[in-house]
Protein chains: 4
Amino acid sequence: MLERLRRTLAEHTAAVAAGKVTLASYISVITGTGILLFLTLDTSDDSLAYHSIEGVIWLNIAYFVWEWAVRVRHAYQHRELRAYLLSGSGIVDCISSIAIPLAILAGVEPRTAFLLGVIWLMKIAPDIAGFQQLRRVLAQEREQLGSVLIIFSFVLYAASIIVHVLEREAQPATFGTIPGALWWAIVTLTTTGYGDAVPVTPLGRVIASGVMICGIGVLGLLVGVLATGYAAESRRTRFIKTWELVSRVPFFSELAHGAIVDVTNMLRRLELPARAIVVRKGAVGDCMYFIASGSVAVELPDRQIELDQGSFFGELALLGNTARSATVVTKTEATLLVLDLIDFRTLMARHPDLAQAIDTEARRRMKENQETGRTR
Amino acid sequence: MLERLRRTLAEHTAAVAAGKVTLASYISVITGTGILLFLTLDTSDDSLAYHSIEGVIWLNIAYFVWEWAVRVRHAYQHRELRAYLLSGSGIVDCISSIAIPLAILAGVEPRTAFLLGVIWLMKIAPDIAGFQQLRRVLAQEREQLGSVLIIFSFVLYAASIIVHVLEREAQPATFGTIPGALWWAIVTLTTTGYGDAVPVTPLGRVIASGVMICGIGVLGLLVGVLATGYAAESRRTRFIKTWELVSRVPFFSELAHGAIVDVTNMLRRLELPARAIVVRKGAVGDCMYFIASGSVAVELPDRQIELDQGSFFGELALLGNTARSATVVTKTEATLLVLDLIDFRTLMARHPDLAQAIDTEARRRMKENQETGRTR
Amino acid sequence: MLERLRRTLAEHTAAVAAGKVTLASYISVITGTGILLFLTLDTSDDSLAYHSIEGVIWLNIAYFVWEWAVRVRHAYQHRELRAYLLSGSGIVDCISSIAIPLAILAGVEPRTAFLLGVIWLMKIAPDIAGFQQLRRVLAQEREQLGSVLIIFSFVLYAASIIVHVLEREAQPATFGTIPGALWWAIVTLTTTGYGDAVPVTPLGRVIASGVMICGIGVLGLLVGVLATGYAAESRRTRFIKTWELVSRVPFFSELAHGAIVDVTNMLRRLELPARAIVVRKGAVGDCMYFIASGSVAVELPDRQIELDQGSFFGELALLGNTARSATVVTKTEATLLVLDLIDFRTLMARHPDLAQAIDTEARRRMKENQETGRTR
Amino acid sequence: MLERLRRTLAEHTAAVAAGKVTLASYISVITGTGILLFLTLDTSDDSLAYHSIEGVIWLNIAYFVWEWAVRVRHAYQHRELRAYLLSGSGIVDCISSIAIPLAILAGVEPRTAFLLGVIWLMKIAPDIAGFQQLRRVLAQEREQLGSVLIIFSFVLYAASIIVHVLEREAQPATFGTIPGALWWAIVTLTTTGYGDAVPVTPLGRVIASGVMICGIGVLGLLVGVLATGYAAESRRTRFIKTWELVSRVPFFSELAHGAIVDVTNMLRRLELPARAIVVRKGAVGDCMYFIASGSVAVELPDRQIELDQGSFFGELALLGNTARSATVVTKTEATLLVLDLIDFRTLMARHPDLAQAIDTEARRRMKENQETGRTR
């Protein structure tokens, strides 16, 4: 028992040293930042609630200090101390550990200092797939996003100076300074429209109308750039992940190179837990499945057939039988590759050999099913 | 007469037992939830209006209880009682029936209890095509939607803590707590901008500007993901529906497999009631039509030609005559497949045999028309 | 002179009778509706401004009555009176003519009755290209737009009932009735956010946050559907317009059918007035031009070459010379077809014969130019 | 030293004369317009801050007058004075120079006159890539943007007249005039929603709901048009830039024409400074690199290999080894062309000869590496 704990701890320490974002990191970042929400609700400094929050935060800090120490030691041993300390993650680890204690030492009230815990979010950000994808999209579309931001700034600045001149006498409090007018322009150009600053002179309103219409124009450009970039990036990520899986299906390995690329572009990954229903008997079928990993059970009326990695099923739906003839359930955690009807048809048109192979196998199974007396 | 009523009722009961969303369900859900709108307008508990509303609601509950009972009985007979009771629709049926009576028994004021009727919407939701499509899109894009939501949450949380620190002294009522600042951040990041909480300090406004710009960025990502997913899903749904219709047109059955896939991708379905004008004489034509079901009448000056399932018309427009030479009207409800000029040209380029077939038929008709003395 | 006026009038009457939207219609609709803007600014009924506005409106009504009369007479002569009176345009013509006089007769104050002039906009709407295109997009995407609207309504209704229950005690004035809560839900779901109704209870704000996020989700779906539909519709319209022009360029007529379709998809139309500069000497060139109608002048240092319909120019830019070697100016109004570098390269790869033809012609010209002593 | 300064000045003068936007222009426009921000914050006319701002602005004006003078002189010498003075840039140069002095002479208070400095932004606008791209998009999509704007105006005008009639009695201050109602309609249709004008009557709110839903519809159309146009324009610009670079890589020059077009469409440009890490040893690789300009160093354990323009690296990742086997760092500023895994696979399927060439080179290198004793 104690031995086991020690082993787990050693493994965890190794993972931390290697710079991985461990489950423990996730838990402590999420509880640590989540608890900040409650910090401001209760104003009494002596309540149990406040002391618990305080406790969680100090525990968090202790954990992050330990994490930092492990990494510093590992870097020192590998003679990468300087590189680690100056790297992005090194700086985040350092700030996560010392920001709150330093703030308190500097005389900041603890309640306020604890809010620095929001920095902890940066510990898990690099590990989240969405951020990595976003970073790549931003990197690839940086020229065009830059262009849109420049257009945005031009409209913003010109509008705020014009509206400042037009409105400063009517509303000196809100439009009397250019930064004030700029605030109005940002609120308007993003179509947020708080309503705290609103032009009242006729000319000011004409300019404001132009700004609002530009606002939806800028939105259109930004959406265009981001949507295009995100779609391309997703397609790329998906291809790489699917490509790896396709190689595990022997059925595809005999295909010509061109056909494999086509197939990879068409397949969708589907990750399922154990005992999930993939196909329900009688449901309308519009896709077939290849098993990239794990195994599934086909529940025939009289027996159960088990299919393993590399097999396929559901092909009858694509060959004319639109109602599924049996329920299929995953036996283990499984990764399936899904081929939709539309893509199947396209594939058959382009690569008749592939179609032939599926057709032969399907006919064999159908015959087998009929011999065992099953009718749909 | 009575016999007929009994038969209709039996059919309806069978449909209900099979778990279908019947017309009666639709009607009672729509009237039931629609009437809630008026529940709050009239505050007198004794008015005729209130009693009518009450009546409709109790009638609705009675109907839903009956529906539930039919399904429970059917499930019991088929030994699926437990499965039904724990299934999504079983739970919805149960809550729809007992929520309001239970609430009233528990002492809730009837007027308030009746508002639970909004739950009835869940009875028809699974039957609506849009929801099914949306669910598939959400399922397929869940990774990417998840990424966008995580980015959204990060920006939200970081922004609300920073603005809380910057604004809490200036505006303790709105920014004094982190949940309060979080409310502001959501209102701003979605570009809704109620204006009930607005930063007033210069630094707070700078952060807020960043949040607004992130807001349109997040919007861009979300639109990109949803638009791409929806477009792919629509294309798939459309292909499946059209594929089925294409097989009914003998003209296409002689095509090579590759050509059929191409044609299916190009055709648009068009469902028309009886006596609808498909093509008006003299109008500019930019598409041709294939009849997948039903029949149409071509109104020539001297006679009327009837075309049935499998025929095509309007092809002259694609072969050079841009003005339609005759009016075509549907005789029965009809499903047509429309081929646009652009797709027709592409098709002719890729599959000359198809072009040949259409051309031959068109020339035959044109000659026939000329012989009967018709001029355009 | 008088003869000429009479002829113009007769032509105009014929156009009106044929149901066309004439320039006179446009002018009177635009002045008539435009003048309504000023109707409410000046409250004195005796001012010159008011009498002028009154005059313009009555003049407009007189014109529309005349237009209506001409069309009624024409329809009567062609025995289509009933069809015309019941058609969309017949009803609009009728209402445009009689709405204001009838309202005044019925005792409505003239100032208010005149506002009915906004109906006149419907006279020109069917003639505007944008509306026709929009109508086709709406018709083709109606199923999907319907789905989005149903999802929109579901979220709207459920949210307004929940928020009504949560907020009615805290804010009886705004959330006390369900229609009131529905108003809030629409303002929020469209991310408009007036701020006249804002939830204040913690739970109400959680629901509201969900509604705002759904709001940008619904926006994403709607944008996806409309953007896809509009893009497809534009592509179709553009193809049809370009196809017609391509047939006027002899150069393309010798191409194989497949190549023509490809070329048509790649060309962009460019309509230019007389004396417009198409290409400026020394500018970086990334496209070539075909003349579909009109003529242009190539300004060489020593002479001017005139090119007519069917010729092409600017091809040197695509064959390696990126700086334009001469300025080209339109001599008459001209319609050009533009082929971009990217499409030109693709075209050359797919149809080497086309590339050969352009290359030969380009070399001939280059040699000719060199012989006349011009260097780039 | 003095000689050098004189030479720099002469070069700069020549660049200004040629109409280029020099670095000096950028600096003076940005500082000049940036300083306007502070002009309104400090109200004392005698403070040091104000005098500094004043100084910067007059310095700016002096520079722009000089710039203008240089260009006028140059144009005069080349007998293009009239053309220059009437050209867009000539007018901007003139206004930039004389607007502020003229305004002060005309009696405008200096503080206000200085705000005319916002015009200076127009001096750099034509030089910014984003604006050029935007202008081309607007030019190409002008028909469709026009259609959307017309639909926008129709909805706007009709809604504002209807809401004016419905709300003028309830809220004479905001909806009492049609321009007032129009302001509300713009604020609503762009989903800005300030909340300064909000319908309160039930019917007014129904119309307003319609306007809000139209608002997100118009947004959808606008986004669709702009996103499509921007994507097409970016693709075109990218192709032209990449095409030029591809010709510098000897590896591609042996390809068939069709393959070059395909490759150009697939490659992404990547511009890197000196000493940037391109590939990190051990990282997962999903792309290969071609060097279009500059040079890189491959850091093998025992030595460093330098690769120059025309070479490629990282191809092992695409041939099965997903972990990078060496770190690659740029030695000079370099432009690389990146080929992603997905595109590489497609390319290999379509052009086996290219795949063969990469494969041969990769095998040669791998063997070489193994011989030098390196293991991954």
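The values are calculated or read from the model by the stated rules, or taken from the named source; none is laboratory data. Keep in mind that what you see is a predicted model, and the values were worked out from it rather than measured. Glycine also receives a Cβ, built like all others from the backbone with ideal geometry; neighbour counts cover every protein chain displayed. Keep in mind that these areas ignore ligands, DNA and RNA; they rest on the heavy atoms of the full protein, side chains included. Shrake-Rupley method; radii C 1.70, N 1.55, O 1.52, S 1.80 Å.
Here are a few things to note about the model shown:
- Rg/Rh (Cα only; Kirkwood hydrodynamic radius) as it applies to the range B:187-247: 1.40
- Surface composition of the range B:1-109: carbon and sulfur make up 69 percent of the accessible area, probe 1.4 Å.
- Global size of the range D:141-263 as Cα Rg and Dmax, reported in angstrom: 24.3, 79
- For the range D:132-186, the C-alpha radius of gyration sits at 1.57 times the compact-globule guess of 2.2 N^0.38 Å, with N the residue count.
- Binning the alpha carbon pair distances of the range A:254-299 at 10 angstrom intervals from zero yields the distribution 19, 45, 29, 7, expressed in whole percent.
- Remark: label point of residue A:302 defined 7 Å out from Cα along the Cα-Cβ vector; separations to the same position in other copies 6.8, 6.8, 9.6 nm, ascending.
- Using only side-chain charges placed at the Cβ, +1 for Lys and Arg and -1 for Asp and Glu, the dipole size of the range B:100-206 relative to its Cα centre rounds to 220 debye.
- Most fluctuating residue given options C:171, C:77, C:144, as computed from a GNM of chain C linking Cα atoms under 10 Å: C:77
- Simple label model, 7 Å out from Cα along Cβ direction - residue B:1 to residue B:271, nm: 3.5
- Across the identical copies, the 7 Å label point of residue B:364, projected outward along Cα→Cβ, sits 4.5, 4.5, 6.3 nm from its counterparts, in ascending order.
- The phi-based Karplus calculation (6.51 cos²θ - 1.76 cosθ + 1.60; θ = phi - 60°) puts the 3J(HN,Hα) values of the range C:276-281 at 8, 7, 8, 9, 10, 3 Hz, whole numbers, x for Gly and Pro.
- Normalised by residue number, the volume inside the convex hull of the Cα atoms of chain A is 281 Å³ per residue.
- Stokes-Einstein D in µm²/s, Kirkwood radius over Cα pairs - the range A:1-41 at 37 °C with 0.692 mPa s viscosity: 275
- For the protein assembly as shown, the extents of the C-alpha atoms along the principal axes are 114, 113, 73 Å, listed from largest to smallest.
- Summary: within chain A, the longest segment free of GluC sites (Glu not before Pro) located in DSSP loops with at most 14 other C-beta atoms within 10 Å is A:81-168.
- Its Cα gyration tensor gives the range D:58-105 an equivalent ellipsoid; the semi-axes, largest first and in whole Å, are 21, 11, 7.
- Averaging 1/r over every pair of different alpha carbons in the range C:190-316 and inverting the result gives a Kirkwood radius of 19.6 Å.
- Annotation: amide H of residue C:283 within the under-5 Å range of C:324, sequence separation 5 or more or interchain, hydrogens built in the peptide plane.
- Entry comment: accessible area of the range B:68-161 is 50 Å² per residue, from protein heavy atoms only and a probe of 1.4 Å.
- Helix-only CD estimate at 222 nm, as mean residue ellipticity for chain A, using -39500 (n - 2.57) per DSSP H run (n ≥ 4): -21000 deg cm²/dmol
- Amide H contacts of residue D:332 (H built 1.01 Å from N, under 5 Å, at least 5 apart or other chain): D:275, D:295
- Amide H contacts under 5 Å for residue A:80, placed H, 5+ residues apart: none
- Over every Cα atom in the range D:73-193, the radius of gyration and the widest Cα-Cα span, Dmax, amount to 22.1, 69 Å.
- Calculated diffusion of the range A:275-328, Stokes-Einstein form, Kirkwood radius summed over Cα pairs, 37 °C and 0.692 mPa s, µm²/s: 291
- Check: the protein assembly as shown dipole with +1 on Lys, Arg Cβ and -1 on Asp, Glu Cβ, in debye: 3100
- Taking trypsin sites (Lys or Arg not before Pro) across the range B:265-341, the ones in a DSSP loop with at most 16 further Cβ atoms lying within 10 angstrom of their Cβ are B:275, B:280, B:281, B:303, B:331.
- Length-normalised contact order for chain B - Cα pairs under 8 Å, 6+ apart - percent: 10
- Most positive-pole-ward Cα, A:202, A:91, A:153, against dipole of chain A from beta carbon charges: A:91
- Scanning chain B for DSSP H helices at least 15 Å long along the axis (C-alpha atoms) with a Kyte-Doolittle mean no lower than 0.5 picks out B:23-39, B:88-105, B:142-167, B:178-189, B:202-246.
- P(r) histogram, all alpha-carbon pairs of the range C:290-361 included - 10 Å bins from 0, percent: 19, 47, 30, 4
- Ascending list, in nanometres, of distances separating the residue A:86 label from those of the other copies (7 Å, Cα toward Cβ): 6.1, 6.1, 8.7
- Total accessible surface hidden between C and B, rounded to 100 Å², 1.4 Å probe: 4400
- Gap separating the Cα centres of the range B:147-179 and the range D:32-86, nearest whole Å: 42
- Take the Cα of residue B:41, step 7 Å toward its Cβ, do the same at residue A:368, and the gap between the two points is 6.6 nm.
- Dipole-positive endmost among A:260, A:172, A:129 within chain A (Cβ charges, Cα centre): A:260
- Counting only Cβ charges, +1 for Lys and Arg and -1 for Asp and Glu, the dipole size of chain C around its Cα centre is about 800 debye.
- The Rg/Rh ratio of the range D:34-115, with both radii computed over alpha carbons and Rh defined as the Kirkwood radius, is 1.09.
- Of the trypsin sites (Lys or Arg not before Pro) in the range B:68-110, those whose Cβ has at most 12 other Cβ within 10 Å and which sit in DSSP loop: B:79
- Considering only chain A, the C-beta nearest to the rotation axis that sends A to D is found at A:195, 3, the distance in whole Å.
- Relative intensity, log₁₀ I(q)/I(0), of the range D:1-159 from a Debye sum that treats every alpha carbon as a point, q = 0.20 Å⁻¹: -1.21
- The HN-Hα couplings worked out from phi for the range A:305-312 by the Karplus form 6.51 cos²θ - 1.76 cosθ + 1.60 (θ = phi - 60°) are 9, 9, 10, 10, 3, x, 7, 9 Hz, whole numbers, x standing for Gly and Pro.
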